[in-house]
Amino acid sequence: MRPPDEQHAALEFEILAAERELVHGQFARARDHLKTASAMGARKMDVNRLHASINAEEQSHAKRARLSGWGGFGIGGLGYLFLSLQQPVAWTMPLWCGLAFLAIPAIAGYAMGRWQGQGQSPQSRFWSALFSVGWAMCFYTAISLMSLRWQIGLAGQGGAVLVAGTFVSAAYALVAGTVAGVVSAKLAWHGHE
Amino acid sequence: MTLHIDERTDGNFALFIDGDLQFDTADEALYHEGLTLPALCMAGSCARVLICGGGDGLALRECLRFPGVERVDLVDYSPEVVELGRTRFAGINRGAFEDHRVAVHIADAWEQLDTLGNFDVVLCDFTVPRKPDDARVFTREWYSRISASLNPNGIVAVNAVSPQATPEAFWCLRKSIRAAGLNALAYRVCIPSFRAQGYGAWTFMLAARRPLRLADLKQLECPVETRQLDLARLYRGASFTRAESSIERHVPVNSLENLCLVPLLLNPAMDDGRWTMGGGRWTIDDRRWATDYSRNSTSGRAGSLSSIVHRPSSADPSSTVFRPSSAHPSSESPFDLAPLLNAIPVTHPYHTREMVEAMAEQVIGAIRSLDIKRLVNALLRRAGELPKDLVRELRKLRDFLRDHTPSFDAWREWSYRLFAALVITMTLANTIAPDNAFAKGAHGLGHASMSRGYSGGFGGGRGEGGSFSSARSGGFGGTSFSRSGGFGGPAPRITSSGFRSRYSRGGPVDVYGYSYAPRYYIYCGGGYYHVHPAYQVSGGQPAARPEKHQALFVADDDMMVLDSGDVVITLSDGAYLLVTGGTVALFNEKNPEPILPVYPDPGLFRNIQDQVQSQQAAVQHDSALRRDWLGWVGWTSALFPIVAEDKREVRNLDDMTRKLDAAARRIGSAPANAVPASPVTAGQVELFVGGYLLSDDTIGIRQPDSWLYTDGRSIWTDKEEKSKSRPCPPLLTEAVQSILKKLQKELTADVASDKNDLRELYTDNLQLQQDLVQYQGIYMSSGYQSDYEVDYGTDSISVSQAISRTQADIQQNQIDYQQTQLSHDKAHIDLDRINSALHGLWR
């Protein structure tokens, strides 16, 4: 049995720890601290309030996580829409590559990571960003290639063009998605975990 | 069978059998003349006629007024209809049943046919079948039996169904007739009352053992006057598009073993193969259904049942069906019933598509009105009374609904919005910056189509510009080229592989990438600074050694750019003009040295420059597109041969751009003080730029410093007396002859083509006038209702629109006629002059 002061201090520590974890999106840990605080005799009103906050934040977090995929896709889509104002050749290749494979995926991935919060595991953030930005890049590439090839004509080699176009779209999507995934997983919450 | 006569206040009436319109006295003549007269006209003889069905006596009336008809047998299984024909309809069928030539048989035609003997004309005027038994008289077997009862030149006319509302049934019927060994010819007739019922354009079908051609319909000569049908225009309804006629391949033959016509009529979207008859009922092949599902579900064939089943009018209270979706106007998207309706075959006439639709909507509405979540929660509240397994499943369902339903809805909603936003943004981006991936590009030069536009577009209008070789007044004056269709047409696109595979390895290519046979020209450097044995131009220089140059680019039918950058304009098989360094020289292909210099007409140079530069721009544009493409995929050239070929093509295009650039510089321009040729005067014919056939059949050639004249034997200039003439070089005579002969051929073709055009325009004009009269007649007979619907081509538009459009067509037709007449007259005069020259001095 701890002395009352020490117990009170420990209880306060648990409450504060739960609140801190809640702020950082670590809901499981927050619940653990709250549970401990409750066992140590914390006031029921405080426990309930914190418990409700954790639940609300967790639900909100889950919703944000769901929407962040679309958000990343949207940011990527807008970025690639901007890029589509000029062809890679007109942008100059290094600039286009920098924008298409680095800048836009990085921005989208970072935004997604921040939006998802620390509650999501880095692995989950990586895959989420990879798919969202990858699809945006895939659409951008596929639409651009279709449009260009439509103007050029297929010259009776539609199958070969389709294979080449699909391959390139997939490859570009993979690269852009990977960049977005890495940024989302490693940089969005770097230093907080 | 139910008979219903719909009396109207205007004195007209209509007969309905089992809800199907049989005729309306307002336009019944269209139907019955359409059914009977073509067959009677086309039959070798029409002494014996058999009418199957047609108890109303209206088809009988048409037969009896046709000369040469000696006996008509009418077989109808309905005594009621025949009685109506004798009594109520006697006024409109003109007492046809009282005629002594008529024998009426109240019997089933199927049973009776074999007992009646042979016929010259058989008219099948049956009602549209509503149950499989009725379809016996539309089977292959039935038509085989009819074929057997036909005299050698006999013909059958069949009341078919609508190819518009029930295309599968229509083509099934045609296929069945053909399967019986008969040739079939279908033709549409627009019957307003049928159309008003939603039956669409109606069709009749002629069938005979002998071949039936469209021309037979065109040449119909009918000895009796028609009341409503225009037989001269009947053939216009006999053409079907390839897409329409392709349906025939997919539909089955209606036979006794496979009575598919009724299901096809009741289910117009149904295809062959998906439905099979088994155990006395129709079944569907699910695998085929699965593959056809999406196509059918989007076909949206509205009112498909209308030709068979009476569709209640909108004013009919019974047509109002309860639509549950209206209870949730904003929250519910409309449910697509088409797949469901296609999955429920209509197999009975009273089992209407409307009924199925209403029933399905009731069910869907009931399901939609359920709140599944509340239902599950309510059930779980009574969990104690439910089996444990069921409770467990319900809990899973509740969790599923909680976890998935909202996100799915959000996904669906957001994806629509996102897609719409993307489309709008791309459209805006396109508008702001056309040079992006989604644009067609702003470089719609359209120049290359010149080279093709000439050969086709100028065939009949030589005086307007023509090709380089034979362009006469105005041709090189700048106006015709500058306003030729090439610049206004679509941008040329490389659609062939000439720049990939054959460029610089053999024949020349054009801007479309088409390869041509290799062509070489051997000449001494070009220009007129060359010495010729027959004459020496002022400032002449020693001739250079002959060089062989390959044609690299076909800029026009007659114009080629050589690998040296020089331009050759082919005048005939043996003669050409070489344009280079601001000079023009006439060459005979047999000799590398120029025959004589030709005046450097500024119009010629301007047009060649325009041609070369515009095609160069087109090539550059295509090259830029390919470069953009390679910007994306170029790094995969080791993986994909097509990308490697694209790279090669870009290199070749760039090379061509450089060559055209060199050509544009090498061609040069006419001297600053050069003046264009004056227009040709009467009696003159322009053979090529600067070369004229004069009224006395001599040839005048405009040279840099004088006019040179020749009669084929001697040459002289305008600066010297004809008496001082010198012998004409044989190469020049030969070249002129070949040019004249080529022109003769072209002008002969032009005159023939113009004549043909004039004939067609005249025929069109007559038809348009007839159409106009007919539309005006309809307008009057409809009580001056300007919005009365009529057929206009394949459209149905208001009669006032039809009249105004027809009037506009007539006006345009007259303008075209005048222009073609002018072109024809000019070509004819020129041809006469050339013929005269070829039969005289230039024989």
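The values are calculated or read from the model by the stated rules, or taken from the named source; none is laboratory data. Keep in mind the model is a prediction, meaning the values are calculated, not measured. With ideal geometry, Cβ positions are generated from the backbone for all residues, glycine too; neighbour counts draw on all protein chains shown.
Worth pointing out:
- The residue that is nearest to A:Val23 (Cα to Cα), counting only those in the stretch A:42-91 that are polar (S, T, N, Q) and facing chain B (nearest Cβ under 8 Å), is A:Ser84.
- In the stretch B:689-705, the residues that are at negative phi and assigned to a loop (DSSP other than H, G, I, E, B): B:Val689, B:Leu694, B:Ser695, B:Asp696, B:Thr698, B:Gln703, B:Pro704, B:Asp705
- The lone exception for B:Gly631 - which of (1) under 24 Å from B:Val511 (Cβ atoms); (2) of a type outside the set (D, E, K, R); (3) buried (at least 22 other Cβ atoms within 10 Å of the Cβ) it fails: (3)
- Any chance A:Val163 is surrounded by fewer than 22 Cβ atoms within 10 Å (Cβ to Cβ), among the hydrophobic types (A, V, I, L, M, F, W, C), in contact (Cβ under 8 Å) with a residue 40 or more places away in the chain and more than 30 Å from A:Arg31 (Cα to Cα): no
- A:Ala142 being out of contact with any Phe, Trp or Tyr (no Cβ under 6 Å at 6 or more places or on another chain), of a type in the set (Gly, Ala, Ser) and more than 7 Å from chain B (Cβ to nearest Cβ): yes
- Qualifying residue in the stretch A:58-70 (condition: over 30 Å from A:Tyr140 (Cα atoms) and exposed (fewer than 15 other Cβ atoms within 10 Å of the Cβ)): yes
- The condition (being part of a loop (DSSP other than H, G, I, E, B) and either within 30 Å of B:Arg843 (Cβ to Cβ) or modelled with pLDDT of 85 or more (or both)) is satisfied by just one residue among B:Ser623, B:Ser678: B:Ser678.
- When residues of the stretch A:150-174 are limited to those that are among the polar types (S, T, N, Q) and within 8 Å of chain B (Cβ to nearest Cβ), the one nearest to B:Leu639 (Cα to Cα): A:Gln157
- Scanning the stretch A:92-110 for residues that are surrounded by fewer than 16 Cβ atoms within 10 Å (Cβ to Cβ) and away from chain B (no Cβ under 14 Å) turns up A:Gly98, A:Leu102, A:Ala103.
- Flag if A:Gly117 is of a type outside the set (Phe, Trp, Tyr), surrounded by fewer than 16 Cβ atoms within 10 Å (Cβ to Cβ) and modelled with pLDDT under 85: no
Results for (1) among the small types (Gly, Ala, Ser); (2) part of a helix (DSSP H, G or I); (3) within 16 Å of the chain's Cα centre (by Cα), shown as yes or no for each residue.
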position: A:Ile75; (1), (2), (3): no, yes, yes
position: A:Gly79; (1), (2), (3): yes, yes, no
position: A:Ala90; (1), (2), (3): yes, yes, no
position: A:Gly98; (1), (2), (3): yes, yes, no
position: A:Phe101; (1), (2), (3): no, yes, no
position: A:Arg114; (1), (2), (3): no, yes, yes
position: A:Gln120; (1), (2), (3): no, no, yes
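- Residue ID - farthest from B:Phe119 (Cα to Cα), chosen from residues in the stretch B:60-69 that are without any contact (Cβ under 8 Å) to a residue 40 or more places away in the chain and part of a loop (DSSP other than H, G, I, E, B): B:Gly68
- Some residue of the stretch B:159-170 being under 19 Å from B:His32 (Cα atoms) and in a strand (DSSP E or B): yes
- Of the listed requirements (1) outside any helix (DSSP H, G or I); (2) away from chain A (no Cβ under 14 Å); (3) among the aliphatic types (A, V, I, L, M), B:Ala638 misses just one: (2).
- Any hit, the stretch A:111-131, residues being within 12 Å of chain B (Cβ to nearest Cβ) and among the hydroxyl-bearing types (Ser, Thr, Tyr): no
- Filtered residues of the stretch B:214-238 (kept if part of a loop (DSSP other than H, G, I, E, B) and surrounded by 13 or more Cβ atoms within 10 Å (Cβ to Cβ)): B:Leu220, B:Cys222, B:Val224, B:Thr226, B:Gln228, B:Leu229, B:Asp230
To keep it simple, each residue is scored yes or no on (1) under 21 Å from B:Ala135 (Cα atoms); (2) free of Cβ contacts under 8 Å to residues at least 60 places away in the same chain; (3) surrounded by fewer than 21 Cβ atoms within 10 Å (Cβ to Cβ).
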residue	(1), (2), (3)
B:Gly34	no, no, no
B:Cys52	yes, no, no
B:Leu58	no, yes, no
B:Arg88	no, no, yes
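- Residues considered: B:Glu593, B:Glu645. Of these, the only one that is among the charged types (D, E, K, R), within 14 Å of chain A (Cβ to nearest Cβ) and in contact (Cβ under 8 Å) with a residue 60 or more places away in the chain is B:Glu645.
- Residue in the stretch B:606-618 that is within 13 Å of chain A (Cβ to nearest Cβ), on the phi < 0 side of the Ramachandran plot and buried (at least 20 other Cβ atoms within 10 Å of the Cβ) present: yes
- Only residues that are surrounded by fewer than 16 Cβ atoms within 10 Å (Cβ to Cβ) and either assigned to a helix (DSSP H, G or I) or not polar (S, T, N, Q) (or both) were counted across the stretch B:768-796, and they come to 12.
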